[in-house]
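Contents: one structure, followed by commentary.
Read-outs: derived from the displayed coordinates by stated rules, not from any lab. Predicted model only: the values in this text are computed from it and were never measured. We place every Cβ from the backbone using ideal geometry, glycine too, and count neighbours over all the protein chains shown.
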Amino acid sequence: MMTKPATQSATRPQALVAWMEGLADPKRLRLLRLVERQELGVVELCEILQWPQSTVSRHLKVLADQNWVRSRRQGTTRLYRMILDELDPVARKLWLLAREQTEGWATTHQDELRLRQLLANKQTESQSFFAGAAAEWDRLRAELYGRRFADAAMLSLLPADYAVADLGCGTGALAEALAPCVKQVIAVDNSAAMLKAARRRVGDLANVELRRGDLQAVPIDDGTCDAALLLLVLTYIAQPEAVVKEMTRTLKPGGRAVIVDLLPHDREDFRREMGQLHTGFSLVEVERLMRENGLEHVGARALPPEPAAKGPALFLATGTRR
């Protein structure tokens, strides 16, 4: 019967003997080399090692009892892995020596070839799925996982030490999304009703500050922010030039400005219904507006309309403060 590694009441020599016994069997050396490289199930190990399931399971139990491997359940399968950094320091030294001494073993070379083939087959299965699902993948992914994960991934690209101005913050949806990713969000709006809704949304977020103010005189000090955003704001502003100039003023040198708004349209009924003062801006117009108000490296592009969107098409424009 195998000796188990040391517990609190056992001595270090007993643990050493147990670990040495664990590594004394060539079958267990082969198993450990495989599960150090890749998390594998019993059936996969049987395929690679060409052993019966009873043999694989018996040796895995010994290794698990001695804390060489850990396991987790995935559906009806139990997966095994050796994590080198989780081993006892003495056990780790023993394993590194054993691994070094088995590097030139032809048997383990065969095991590694079969492991590579198994992983290649699994990759082919995944590729076959996508070959069949490509036409429906966007719809399927949205149905299964929603759409917000992509937004979260892109927001996580923002530097964590950024201070961001959300100008015309409305009900605080963007501020709420930005807050986990940056150091500070300063959200400004001139509507008391909008700020009340925003306060309900972001009230528990310590790094979001709500301020009431006119966007033609933004209540943020010069050069405070690393980035500033105007999302669906300019069509409501009588003097867009003044607002873009104020946005630029709040930025640090090199700070990023982002504007999203409507492209030109002829839906006068839509404009009146939404209370907007402008029927959109052309890409040339918005680029000029940004350059003339202190921004450089300016670029604007039309955004692809979303299938369910009923309003006019939008543009995205970016620039940096000189």
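Miscellaneous remarks
- Cβ-to-Cβ counts within 10 Å put M274, M290, M154 in ascending order as M154, M274, M290, the fewest first.
- Two-site label geometry, Q239 and S54: point separation in nm, points 7 Å out along Cα→Cβ: 9.0 nm
- Note on the chain: semi-axes of the ellipsoid equivalent to its C-alpha gyration tensor, largest first and rounded to whole Å, are 61, 25, 18.
- Cα coordinate range in region 12-134, projected on the principal axes (Å, largest first): 58, 32, 28
- Contact order for region 148-321, expressed relative to its length and based on alpha carbon pairs under 8 Å spaced 6+ residues apart, stands at 18 percent.
- Between A153 and D138, the contour length at 0.36 nm per residue exceeds the Cα-Cα span by 3.7 nm.
- Two-site FRET efficiency, R81 against E292, from Cβ-Cβ distance with R₀ of 56 Å, rounded to 0.05: 0.40
- The label point for K93 and the one for S282, both projected 7 Å from the Cα toward the Cβ, are 7.7 nm apart.
- Stretchable slack from N121 to Q101, in nm (0.36 nm times residue separation minus alpha-carbon distance): 4.2 nm
- Checking the Cα-Cα distances for K61/K122; K183/K252; K61/K93 against a 24 Å cut-off, the pairs over it are K61/K122.
- Cut-off 13 Å between beta-carbons: net charge of the residues surrounding R291, Lys and Arg +1, Asp and Glu -1: -1
- Helix-derived mean residue ellipticity, 222 nm - over the chain, DSSP H n ≥ 4, -39500 (n - 2.57), to 500: -14000 deg cm²/dmol
- Top of A106, A152, A198 by mean-square fluctuation, Gaussian network on the chain, Cα under 10 Å: A106
- If R0 is 25 Å, the Cβ-Cβ spacing of L316 and D221 corresponds to a FRET efficiency of close to 0.40.
- Highest-first arrangement of 49-62, 74-87, 18-31, where packing means the average Cβ count within 10 Å: 18-31, 49-62, 74-87
- Likely footprinting exposure, V182, V42, fewest C-beta neighbours within 10 Å first: V42, V182
- Extended-chain gain in nm, criterion 0.36 nm per residue less alpha-carbon gap, R72 and E112: 12.1 nm
- Among E136, E39, the order by Cβ neighbours within 10 angstrom, fewest to most, reads E136, E39.
- Fluctuation leader among C46, C169, C225 - the chain, Gaussian network, Cα springs under 10 angstrom: C46
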